[in-house]
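Novice: Please read through the structure below; I'll follow up with questions.
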């Protein structure tokens with residue numbers, strides 16, 4: 001797994017160097033209609049509470065969840081979610097082409113990464129996603145997100161999400 005993370009991280013760094021800078025469009029919370037929320041399965045309950053906040057604002061939400069090879073427990077997965085299951089990765093640690101294409105097809109004005117740590121597979125997918133505005137936790141990879149919010153060691157997901165919403169509310173893009 002460590003070697004696969006190394007390979008995926010190198011692939012991302014290569015893509016960041018090769019890919020021309022994506023033209024981002026800073027989008028406020030109220031200008032955006034669709035959101036793509038990305039998270040690790042272990043944070044499912046906390047994430048669903050956060051997603052409810054966006055639904056209260058009458059936003060369309062797409063969800064993509066990362067499931068490790070050996071989850072510590074079983075989880076109920078909504079069939080509308082895009083599941084990125086580590087079981088189906090290739091020998092380099094990358095998801096199959098079908099999953100990549102499905103992920104890129106999720107149209108969103110704002111993509112929010114709520115993974116807690118450097119999940120390089122999800123970062124790989126996020127890098128290539130066409131969302132015009134990307135928000136996430138500070139990563140060891142530079143230029144992955146348009147807006148980076150640092151999650152403290154003691155922060156929980158809902159608190160981190162509140163920080164993201166605060167910044168999205170204060171953006172003035174016009």
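Novice: Which FRET efficiency value, to the nearest 0.05, do you get for residue 150 and residue 31 by plugging their Cβ-Cβ distance into 1/(1 + (r/R0)^6) with R0 = 22 Å? Please report the intermediate quantities before stating the final value.
Specialist: Values: r = 24 Å, r/R0 = 1.10.
With a Förster radius of 22 Å, E is 0.35.
Novice: Something else: How do the peptides 107-114, 39-46 rank, highest first, by the average count of neighbouring beta carbon atoms within 10 Å per residue?
Specialist: Details: 107-114: 22.6, 39-46: 17.8.
The peptides rank, most packed first, as 107-114, 39-46.
Novice: OK, next. Just grab the label-to-label distance for residue 162 and residue 72, each label 7 Å out from Cα along the Cβ direction, in nm (one decimal).
Specialist: Simple spin-label model gives 2.5 nm for this pair.
Novice: Still on this structure: Dividing the Cα convex hull volume of the range 85-151 by residue count, how many Å³ per residue is that? Each step should come with its number before you reach the end.
Specialist: Working: hull volume 5.9 nm³, N = 67.
Taking only Cα atoms, the range 85-151 has a hull volume of 89 Å³ per residue.
Novice: Classify the range 39-145 from the C-alpha gyration tensor, please: rounded if a/c falls under 1.5, else prolate or oblate depending on whether a/b exceeds b/c. Could the numbers behind the result be given before it?
Specialist: Details: a/c = 1.43, a/b = 1.13, b/c = 1.27.
Verdict is rounded for the range 39-145.
None of the figures in this text is laboratory data; all of them are computed from the coordinates on show. Predicted, not measured: the structure shown is a model, and the values here were computed from it. Don't worry about glycine lacking a Cβ; one is built from the backbone with ideal geometry, like all the others, and counts go over all protein chains shown.
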